[in-house]
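Have a look at the structure below, then the notes.
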Amino acid sequence: MTGPRILIIGANGQVGTELTELLVARHGAHAVVTADLLPHGCRSDVEHVALDVMDMKALSDVLMRQRIQHIYNLAALLSANGEQHPARTWNLNMGGLLNVLELARLQHIERVFWPSSIAVFGPATPADMTRQHTVTDPTTVYGISKLAGERWCAWYHARHGVDVRSLRFPGLISWKARPGGGTTDYAIEIFHAALRDGHYTCYLDAGQALPMMYMPDAMRATVELMDAPAARITERGSYNLAGVSFTPREIADAIGRRISDFTMTCEPDFRQSIAATWPRSIDDSLARRDWGWQPRFDLAAIVDDMLENLRQAQKVD
Ligand SMILES: NC(=O)c1ccc[n+]([C@@H]2O[C@H](COP(=O)([O-])OP(=O)(O)OC[C@H]3O[C@@H](n4cnc5c(N)ncnc54)[C@H](O)[C@@H]3O)[C@@H](O)[C@H]2O)c1
């Protein structure tokens with residue numbers, strides 16, 4: 001198999017674990033290098049480097065030594081954790097991205113992927129079918145860092161021709177790796193709790209709708225965006241991306257139809273006040289038009305697949 005030499009930074013996290021698997025399946029283990037603060041990677045057949053994305057010299061050395069052509073920068077502190085550590089979140093989310101963009105410019109990296117988030121939106125943003133270009137008034141440090149990051153991506157592309165591509169991920173649902181401290185983590189925790197305890201205490205209001213996406217859809221969107229010819233990419237900040245939208249009540253009901261005695265109660269905490277500022281649904285027509293985006297998983301398909309895979313994983317454990 002031939003293809004680009006790929007570096008995935010923040011590869012041990014919820015997204016990185018699955019992106020590594022997908023890129024190895026497409027390009028071969030020899031094409032991929034994973035990097036994270038943690039000394040060991042998620043796969044034994046893939047070369048892993050312990051790397052702090054804030055260390056520009058170390059990052060530069062890895063890019064040169066490994067002859068990297070594509071970078072996926074996933075290292076970040078997420079929305080809920082970010083509110084507990086505001087300075088660290090700003091420094092990591094901004095500093096890491098700026099190191100990647102600057103080295104992409106200096107070392108002529110062919111392509112960069114960096115995920116933004118629906119957290120760029122805020123209380124004054126129209127919450128239903130939120131458009132690509134609209135009010136962006138984030139209230140979290142995480143959202144502020146993502147919005148600034150989008151503008152830096154657009155600037156590096158316009159000023160220096162860096163081929164950086166980005167998606168505003170909604171809440172991502174997956175069973176392979178645990179979530180990393182975001183506001184939408186409940187939509188994963190609820191499955192583990194349903195199978196373990198038959199009950200879940202949700203930290204959001206039962207009626208709080210949020211945009212969500214199943215991880216296989218998010219990973220397919222990532223590679224489809226990265227495969228698209230540069231001329232098709234008209235948005236160099238970050239693309240709106242939609243999968244499904246649902247409330248805690250709706251996902252609990254869907255689980256309850258499959259696990260008959262499952263119950264959920266709600267005890268909203270500070271994360272509810274973050275969720276209340278985010279869109280309920282997203283208009284992703286630009287992604288559909290530019291590079292043909294189409295989600296595949298609806299809520300019923302997500303619930304079926306999550307339960308099946310988590311039950312299998314329990315048997316293996
Ligand atoms: N998971 C979601 O629902 C979601 C939604 C929207 C956007 N995103 C974005 O996707 C990206 C990945 O998110 P995730 O859910 O996998 O996060 P995560 O917290 O699960 O993983 C982040 C990884 O980055 C690593 N890391 C932290 N600091 C680092 C540093 N200084 N140098 C190198 N590595 C470092 C961590 O060890 C961890 O393995 C982030 O940019 C996040 O903002 C995620």
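The values are calculated or read from the model by the stated rules, or taken from the named source; none is laboratory data. All values derive from a computational prediction rather than experimental measurement. Here Cβ is always computed from backbone atoms with ideal geometry, including for glycine, and neighbour counts include all displayed protein chains. Just the protein is used for accessible areas: all its heavy atoms, side chains included, with ligands, DNA and RNA removed. Shrake-Rupley method; radii C 1.70, N 1.55, O 1.52, S 1.80 Å.
Among GLY181, GLY171, which is the only one that is on the phi > 0 side of the Ramachandran plot and either buried (at least 17 other Cβ atoms within 10 Å of the Cβ) or not basic (Lys, Arg) (or both)? Show your work before the answer.
Details: GLY171 fails: on the phi > 0 side of the Ramachandran plot.
It is GLY181.
Would you say SER60 is of a type in the set (S, T, N, Q) and closer than 26 Å to GLY122 by Cα? Before you say what the answer is, go through the steps one by one.
Details: of a type in the set (S, T, N, Q): yes; closer than 26 Å to GLY122 by Cα: no.
Here the answer is no, as SER60 does not meet what is asked.
Within the range 131-141, is there a residue that is modelled with pLDDT of 95 or more, open to solvent by less than 10 Å² (accessible area, probe 1.4 Å) and within 12 Å of the ligand (Cβ to nearest atom)?
The answer is yes, given that some residue of the range 131-141 is modelled with pLDDT of 95 or more, open to solvent by less than 10 Å² (accessible area, probe 1.4 Å) and within 12 Å of the ligand (Cβ to nearest atom).
Just to be sure I understand, how many residues within the range 80-102 are out of contact with any Leu (no Cβ under 6 Å at 6 or more places or on another chain), within 28 Å of GLN66 (Cβ to Cβ) and touching a residue at least 40 places away in the same chain (Cβ under 8 Å)?
9
I'd like to check something: does the range 70-87 contain any residue that is open to solvent by less than 40 Å² (accessible area, probe 1.4 Å) and over 20 Å from the mean Cα position of the chain (by Cα)?
The answer is no, given that none of the residues of the range 70-87 is open to solvent by less than 40 Å² (accessible area, probe 1.4 Å) and over 20 Å from the mean Cα position of the chain (by Cα).
Let's see how each residue does on (1) open to solvent by less than 30 Å² (accessible area, probe 1.4 Å); (2) out of contact with any strand residue (DSSP E or B) (no Cβ under 8 Å at 6 or more places or on another chain); (3) farther than 25 Å from GLU21 by Cβ; (4) free of Cβ contacts under 8 Å to residues at least 60 places away in the same chain:
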| residue | (1), (2), (3), (4) |
| --- | --- |
| GLU224 | no, yes, no, no |
| GLU235 | yes, yes, yes, no |
| ALA252 | yes, no, yes, no |
| ALA276 | no, yes, yes, no |
| ARG288 | no, yes, yes, yes |
| TRP291 | yes, yes, no, no |
| LEU307 | yes, yes, no, no |
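Residue pairs, Cβ under 6 Å, 6 or more apart or interchain, first in the range 27-56 and more than 16 Å from GLY96 (Cα to Cα) and free of Cβ contacts under 8 Å to residues at least 24 places away in the same chain, second in a loop (DSSP other than H, G, I, E, B) and away from the ligand (no atom under 12 Å from the Cβ). List them.
If the second residue must be in a loop (DSSP other than H, G, I, E, B) and away from the ligand (no atom under 12 Å from the Cβ), the pairs left are ALA29/ASP45; ALA29/VAL46.
If you scan the range 103-113, which residues turn out to be touching a residue at least 60 places away in the same chain (Cβ under 8 Å) and open to solvent by 10 Å² or more (accessible area, probe 1.4 Å)?
Hits for the range 103-113 are GLU110, ARG111.
Which of the residues belonging to the range 193-208 are open to solvent by less than 60 Å² (accessible area, probe 1.4 Å) and either without any contact (Cβ under 8 Å) to a residue 40 or more places away in the chain or in contact with a helix residue (DSSP H, G or I) (Cβ under 7 Å, 6 or more places away or on another chain) (or both)?
Result: ALA193, ALA194, LEU195, TYR200, CYS202, TYR203, LEU204, ALA206, GLN208.
Among (1) more than 18 Å from VAL15 (Cα to Cα); (2) open to solvent by 20 Å² or more (accessible area, probe 1.4 Å); (3) not hydrophobic (A, V, I, L, M, F, W, C), which single condition is THR125 missing?
Result: THR125 passes all but (2).
Of these, LEU98, LEU92, which one is out of contact with any helix residue (DSSP H, G or I) (no Cβ under 7 Å at 6 or more places or on another chain), among the hydrophobic types (A, V, I, L, M, F, W, C), open to solvent by 20 Å² or more (accessible area, probe 1.4 Å) and farther than 15 Å from LEU7 by Cβ?
Within the list LEU98, LEU92, the selection yields LEU92.
Somewhere in the range 175-193, is a residue within 13 Å of the ligand (Cβ to nearest atom), in contact with a Pro (Cβ under 7 Å, 6 or more places away or on another chain), modelled with pLDDT of 95 or more and not in a loop (DSSP other than H, G, I, E, B)?
Checking the range 175-193: at least one residue is within 13 Å of the ligand (Cβ to nearest atom), in contact with a Pro (Cβ under 7 Å, 6 or more places away or on another chain), modelled with pLDDT of 95 or more and not in a loop (DSSP other than H, G, I, E, B).
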